[in-house]
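Written below as structure tokens is the structure these notes are about.
None of the figures in this text is laboratory data; all of them are computed from the coordinates on show. All values derive from a computational prediction rather than experimental measurement. All Cβ positions, even for glycine, are placed from backbone atoms using ideal geometry, and neighbour counts span all protein chains on display.
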Amino acid sequence: MTYNAWLRLFAFACSTAIMVLSLPPARAQENRQGTVVTLDGLQSRAPATWAEERPTSDTRVAQFRLEPVNDDKDKAEVVVFYFKGQGGSANDNVKRWKGMFRPPEGKKIDDVARVDKLKVGKVPVTYVDISGTYLSRLRPFDPNSEIRPFPNHRMIGVVFESEKGPYFIRLLGPENTVENYKKGFDDWLKGFK
């Protein structure tokens, strides 16, 4: 190849790179689609801003990382759990989830926890929204495990009582970050068909 041919090839590569790099970030996001999650044959597409991760245990059906917003330093996560028909009743889980939080000083846990019953299609759903200091256990089901407090955190917990369920869905992270992703989470939940 001659020097001029190499020069034209180099110029073409540079101009292509400049065109791609000059596209606005929002336009690049438009073409990206989120992951489809399936629960008992019902499907819903997760928002494209959720980064799918490999589940870290056999009880996790799906797991997503959500980038922090504003001044939050920690990421949030969305996890779908399945315990093969086990895992306790909706009321048992509401009680357990409330126990994972310490309310702000001067408040009771019921002041900072809202519980709603709704339906997604024909599936009964219990929807819990809790905020305060998240009390993370190194080993979640070991009552003697070390507890690490995370102030200003929020969790939206869902008991999805489908035919072969229940599935347990959790959006957990810093309050601002969870608030940022809440609408997408709610739309994804309601989208299961």
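Listing for the model above:
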{"quantity": "Cross-link table Lys75/Lys95; Lys73/Lys107; Lys122/Lys164; Lys73/Lys190; Lys75/Lys107; Lys73/Lys182, entries beyond 20 Å C-alpha to C-alpha", "calculated": "Lys75/Lys95; Lys73/Lys107; Lys73/Lys190; Lys75/Lys107"}
{"quantity": "Whole-Hz ³J(HN,Hα) from phi, Karplus 6.51 cos²θ - 1.76 cosθ + 1.60, for segment 167-173, glycine and proline x", "calculated": "9, 10, 10, 9, 10, 9, x"}
{"quantity": "J(HN,Hα) series, segment 175-181, from Karplus relation 6.51 cos²θ - 1.76 cosθ + 1.60, nearest Hz, glycine and proline x", "calculated": "3, 4, 5, 4, 4, 4, 9"}
{"quantity": "Listed peptides 54-60, 153-159 by packing density, highest first (mean Cβ within 10 Å)", "calculated": "153-159, 54-60"}
{"quantity": "5 angstrom amide H check on Ser162, placed H, neighbours 5+ away", "calculated": "Tyr167"}
{"quantity": "Isotropic mean projected area of the C-alpha convex hull, segment 58-153 (nm²)", "calculated": "8.0"}
